[in-house]
Each structure stands twice: as C-alpha cells, then as structure tokens.
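The values are calculated or read from the model by the stated rules, or taken from the named source; none is laboratory data. What you see is a predicted model, and the numbers here were worked out from it, not measured in a lab. Heads up, the Cβs are rebuilt from the backbone with ideal geometry, glycines too, and the neighbour counts pull from every protein chain shown.
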Amino acid sequence: MNSLWESIFRSKTEEETLSGFLAKIPVFSELGKRDLNYLENLVHVRNYKAQETVFEQGDPGSGLYIIRSGGVTIFTRDGHDHEEELTTLGPGDFFGETTLASPAPRTVSARTTESSELLGLFRSDLLATSDKHPEIANRILFGLTKMISERMQTATLQLRNMQQRLADRDAS
Amino acid sequence: MRHEQHLYPCGLRVMNLNKAHFLLFYLTMTAAIASGLAIFSSASTITVLFRSAAEGLFVPLLLSLIAAFLLDPLVNSLEKRHIPRTRAIFSVFFMISATMLLLGSWLVPYGQNMWGSLLSDFPRYTSQLINYLREAQVSWQSRFPVLAQYDLTNTVRTTAEQVLSFVLVQTPKSALKLGSLMILLPIFSFFFLRDGTTIMRGMISLAPNRYFEMAHDLSFLVSRQMAHFVRGRVIEAAIIGLVVALGLSLTDIRYAPLLGLFAGVTNLIPYIGPIVGMIPGILIAAVDLGLGGQFWWIVILYILIAQVILDNFILIPVLISRVANLHPVLVILAIVMGGKLYGVLGMIIGVPIASAFKIAFTEIRHYRRAFALPDTGNERHSSS
C-alpha cells in the first residue's frame, strides 16, 4: 500500500487528537476521558503565523494559552520600547494563566517565534462550565490552583533566598 | 522566400482557427454579455427577493431568541443533573406544551366568549367616550373660540371605527400568522437553545487573532447582560399583568383577564406603555361602573399599586439592571421607528432592541475603561 492510501485509512492515534494532547498537560491530569472530551470543545484552537503577537502588555487578559505546536517568546517592554525576553516556551507549555480567574491587564507580551497552533482557554467559558457542569469546572480549576500554588511556593522560596542573600551582603 | 513559406502555413492555421473558433468565440461573448446583463439587472431584484423571502422571519426569529433566553436557565438546571442537553430541551418543551394544552383547553372557550362580547361592547365604549369628548369640546369652544374649527369628536369617532374594522379584519389574518409562528417558534428556539453557544463560537472564531480574545470576552459579557435584561423584562411584564388582572377581578369590571394581559404587554414599553395600558381599563370602568368607589380603586390599582409600588419600588430595582435604562427621547424614537417598520408589534419590540444596542455599547465602554485600553500601539509605548 502506498502512502496515499495509508493516510486515508489510518485513524488518528491517541497522541494526535486534541483530547490526547490535553491529557498530557499536567494541569489537566485530574480529568477523566469524558472531561477531556468536554474540554476539547471548550478550548479555542487558533493558528498563528511566525512573529505574530498573541497579546501585548496592558491588553485586557481573560485566559491562558496552551502551545500545541510551534513556539512562543514571552517578553516585557520598558519605557524606551526596549524588549527584554523572559523566556521561550515550546509545545505543551502554557502562559497567561494568572488572568484566568480574575480579570487583569497582561503584565507581559507574547509573540510566536514560528507558525504555531495555540489553544485558548478563557474565563468566560470556564464560568459557563461552572454553571452547567460544576464537577468538570471543579477538576479543571483544581489542577490550575495546584499549579499556581506550586509556582507561588517556588517564587516565595526564591524571594526568601534573595532577601537572605541581600541581608548577608548588607551585614558583611 | 523562406520567410513566405514560413508565413503561409501559419496564416492558414489562423484561417482554420477562425473558422473553427469564431462561432464559439461569438457564442461565448454573447453568453457572457447576456449573463452580465442579467446579473446587473437582477442585482437589485436579488436584494428585493431576499428581503421579501426573509420578511416574515424577523418576528419568529426574535421571539424564539427571547424564548431561548427565557428557557436557558431551566435547561441548564436540568443539564446540571446530568441530563444531556438535547434531552433536557425536549423535556422542557414537553412540559411547556403539556401545560399549554391543559391551560388552553380550559381557557380557549372562556377567552373566545370574552373576545366576542368585547367586540360587541367596543362600539358602546367608544360612543361613551365620544359623548364625554363632545361635552368637553363644547366647554373648550366656549372658552377658546379659536378652536371652533377643530372637530375632535369626529376625529375620534372615525379613528375608533377604523380601529374596530382593523381588528375585525386583522384577527383571522393574525390567527393565520400565529399558526405559522406556532411551528417556527419551537423549531428555532430548540436550535438556539441547543446550538446557541456553538453558533456564537463560530462567529467569534472569525475574528483575527489579535482581537479574538477581546471579542470572545465581550460577547460573553454582552450576551449575559442581554439574557438578564430579557428575562427581567418578561418576568416584570408577567407579574404586572397578573397583579392588574387579580386586582381588577376584585371589582365588578368585566374583561379583567384581558385587561391584565393588555397591561402586561404594554408594560414592556417604558414610560408610554403603562399609560396606554391603563386607558382601556379606566375607560371601561368609567362606562360600566360609573365614577364611584370602584372606579377610583381601579385608578389607584393601575397607577399606585401596579406602577409606583410594584414596578418602580420592587420589580425594576430587583430585575432590571441600570445598564438598560434608556433616555425617554430614545424610547420615543424607538417606538416611532419600530411602529413605522413593523406596526404595533414593532412598537413593542422596538424599545427592547434599542436597549440591546445600549447594553452592547455600555458593556464595550465599560470594558475599555476597566482595562484603560489605549487606542493605538504608539500611545501604549509612550505611556508605558
């Protein structure tokens, strides 16, 4: 059989479907198969070209983006329009999660480095879910809370380390 | 010589081509011009055709949208109990049609009776009104001789006769319309309920990447406000209608349920609706009951109990958000324009549509202010 026929009759493997991809993201590890199918219809699949702005610093933020393919660079701008790159993210990573629960302006900017496929998960969809399927929304929010609190703990530890170092330097 | 030799076959080929293709070329060009002309001449016809095809659909679509807004919380609460959405919608529809059937078998003969006697009573009420007006006119004209030319009584009489004949002619027609509405309304509202979010998602997903997030967020906020507004208005009108009907049935007045229904429907229009809604009730009370204690009770019921206490102090603060408050001038404009486009029904739905626009604008402005959105990228760079 040649490759043409193969590609027609081969069904998508678990890894290739959207729900299969979502299942591998640590935030959604609590979700079952039905929850993942629901989440599949909740996220928005958006295709970006290379060097396309996802959001700018100061934009109204309303949700997080998950990178399915491609890459995204996160940077801040100072007063003189000078960009300072903070990190570059790849497939499976997500960003913008701080605005998911409470509306706030974006504190950083995000731009794709190559043509990318991003999945958007927004507050309004999550609110609608918590109305209709509270248990699914619960599990999604639990995963997010876990991740955010983990990050907060590391941040607190780092902050304490820095304070300690600062105090040591002052003392010496 | 060689040159000529070279040319000759070539020229022959051109000749051959001409013979074979000239007819085809001619036919193609003719067809192209003809179809171009046809498209050009029918371009205006197409819009006319489209408009006449979609003409009857506006009202059913709007009503089914309202029905979908009203039923959405019910369907959601069923869905919360792990009933699939389609099945939940079907069970809600089944419950509604069962209650309507039960109520209808009880109400229809009663209502028909009432409608028939109202039609025969209508001339009596209008003649009484005309009598009042004639007396008033005589006293005006003695005071202001300038107005002697103006014959208000006759104007009112002809208007009343026109209204009666209009009602008599239009009732069977609107019954026919109601029949098609009874079919279209459940179908449309079923699909709005089932696929409403999918339809919205599809429309929002057309937005370019840069504006997608904002469009998505705004559509959610606007549709939430809209649902709140529609639900509030309809519940408010139902409560007012019920209270008026109950209050009127305490007196000896006839047609209490019909008057309550009228007061409820007209209550959908702010400022002007309540006044229009109380005219028939007060008129019937004045003619049938005289200016006694019952008449004043009815006036108090309409103005003080239904409007001031119930509507202004209880229902509007609880049900209607301030977002939808329209300026009186806008209300009048919406009523006039709606009446021009769609008649009496347009007068009723014109104001809610204007409120819907107001809600959308207010939400967008609020959103922009909440995030202090800069208008251009340059401004953002210089400010940050």
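Data overview
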{"read-out": "Residue tally, condition charged (D, E, K, R), within 14 Å of chain A (Cβ to nearest Cβ) and in a helix (DSSP H, G or I), over segment B:53-81", "value": "3"}
{"read-out": "Residue within segment A:49-61 that is within 14 Å of another protein chain (Cβ to nearest Cβ), in a strand (DSSP E or B) and more than 28 Å from B:Glu363 (Cβ to Cβ) present", "value": "no"}
{"read-out": "Leading residue by the ranking (farthest from the other protein chains (Cβ to nearest Cβ)) among those in segment B:216-228 that are within 11 Å of B:Glu363 (Cβ to Cβ) and not aliphatic (A, V, I, L, M)", "value": "B:Gln225"}
{"read-out": "Residue match in segment A:25-43 (condition: in a loop (DSSP other than H, G, I, E, B) and under 19 Å from B:Arg201 (Cα atoms))", "value": "yes"}
{"read-out": "Test: B:Phe166 is away from chain A (no Cβ under 14 Å), under 30 Å from B:Arg124 (Cβ atoms) and aromatic (Phe, Trp, Tyr)", "value": "yes"}
{"read-out": "Qualifying residue in segment A:116-137 (condition: more than 30 Å from B:Asn76 (Cβ to Cβ), touching an Asp or Glu at 6+ places or on another chain (Cβ under 9 Å) and not in a strand (DSSP E or B))", "value": "no"}
{"read-out": "Search result, residues across segment A:62-79 that are within 26 Å of B:Leu218 (Cα to Cα) and outside any strand (DSSP E or B)", "value": "A:Ser62"}
{"read-out": "Contacts under 8 angstrom Cβ, first residue in segment B:180-207 being farther than 18 Å from B:Phe58 by Cα, partner at pLDDT 85 or above and exposed (fewer than 15 other Cβ atoms within 10 Å of the Cβ), 6 or more apart", "value": "B:Arg194/B:Thr86"}
{"read-out": "Condition met for B:Glu236 (facing chain A (nearest Cβ under 10 Å) and charged (D, E, K, R))", "value": "no"}
{"read-out": "Residues of segment A:121-172 classified as under 30 Å from B:Phe220 (Cα atoms) and of a type in the set (Asp, Glu), total", "value": "3"}
{"read-out": "B:Val265 away from chain A (no Cβ under 14 Å), over 30 Å from B:Thr86 (Cα atoms) and hydrophobic (A, V, I, L, M, F, W, C)", "value": "yes"}
{"read-out": "Yes/no for B:Leu261 being more than 18 Å from B:Gly350 (Cβ to Cβ) and surrounded by fewer than 18 Cβ atoms within 10 Å (Cβ to Cβ)", "value": "no"}
{"read-out": "Filter result for A:Ala137 (at pLDDT 90 or above and of a type in the set (Gly, Ala, Ser))", "value": "no"}
{"read-out": "Residue count, segment B:228-250 (criterion: at pLDDT 85 or above and within 15 Å of B:Leu65 (Cβ to Cβ))", "value": "2"}
{"read-out": "Qualifying residues in segment B:189-215 (those that are aliphatic (A, V, I, L, M), away from chain A (no Cβ under 12 Å) and under 22 Å from the mean Cα position of the chain (by Cα)) - the one nearest to A:Asp125 (Cα to Cα)", "value": "B:Ile199"}
{"read-out": "Output for segment B:359-384, where each listed residue is away from chain A (no Cβ under 14 Å) and either surrounded by 13 or more Cβ atoms within 10 Å (Cβ to Cβ) or modelled with pLDDT under 75 (or both)", "value": "B:Ile359, B:Ala360, B:Thr362"}
{"read-out": "Unique match (being closer than 17 Å to B:Glu213 by Cα and either crowded, with 17+ Cβ neighbours inside 10 Å or facing another protein chain (nearest Cβ under 8 Å) (or both)) among A:Arg123, A:Arg77, A:Arg68", "value": "A:Arg123"}
{"read-out": "Residues being over 25 Å from the mean Cα position of the chain (by Cα) and either away from chain A (no Cβ under 14 Å) or within 14 Å of B:Leu185 (Cα to Cα) (or both) - total across segment B:88-98", "value": "5"}
{"read-out": "Search result, residues across segment A:33-42 that are away from chain B (no Cβ under 11 Å) and either in contact (Cβ under 8 Å) with a residue 24 or more places away in the chain or surrounded by 14 or more Cβ atoms within 10 Å (Cβ to Cβ) (or both)", "value": "A:Asp35, A:Leu36, A:Asn37, A:Tyr38, A:Leu39, A:Glu40"}
{"read-out": "Qualifying residues in segment A:80-94 (those that are within 14 Å of another protein chain (Cβ to nearest Cβ) and in contact with a strand residue (DSSP E or B) (Cβ under 6 Å, 6 or more places away or on another chain)) - the one surrounded by the fewest Cβ atoms within 10 Å (Cβ to Cβ)", "value": "A:Glu84"}
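The rows are residues; the columns are (1) touching a residue at least 40 places away in the same chain (Cβ under 8 Å); (2) polar (S, T, N, Q); (3) more than 30 Å from B:Ala256 (Cα to Cα).
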| position | (1), (2), (3) |
| --- | --- |
| B:Gly290 | no, no, no |
| B:Ile298 | yes, no, no |
| B:Asn325 | no, yes, yes |
| B:Val336 | no, no, no |
| B:Val344 | no, no, no |
| B:Phe361 | no, no, yes |
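This table checks each residue for (1) under 30 Å from B:Gly56 (Cβ atoms); (2) touching a residue at least 24 places away in the same chain (Cβ under 8 Å); (3) away from every other protein chain (no Cβ under 14 Å); (4) assigned to a helix (DSSP H, G or I).
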{"residue": "B:Gly281", "(1), (2), (3), (4)": "no, yes, yes, yes"}
{"residue": "B:Gln307", "(1), (2), (3), (4)": "no, yes, yes, yes"}
{"residue": "B:Val331", "(1), (2), (3), (4)": "yes, yes, yes, yes"}
{"residue": "B:Phe357", "(1), (2), (3), (4)": "yes, no, yes, yes"}
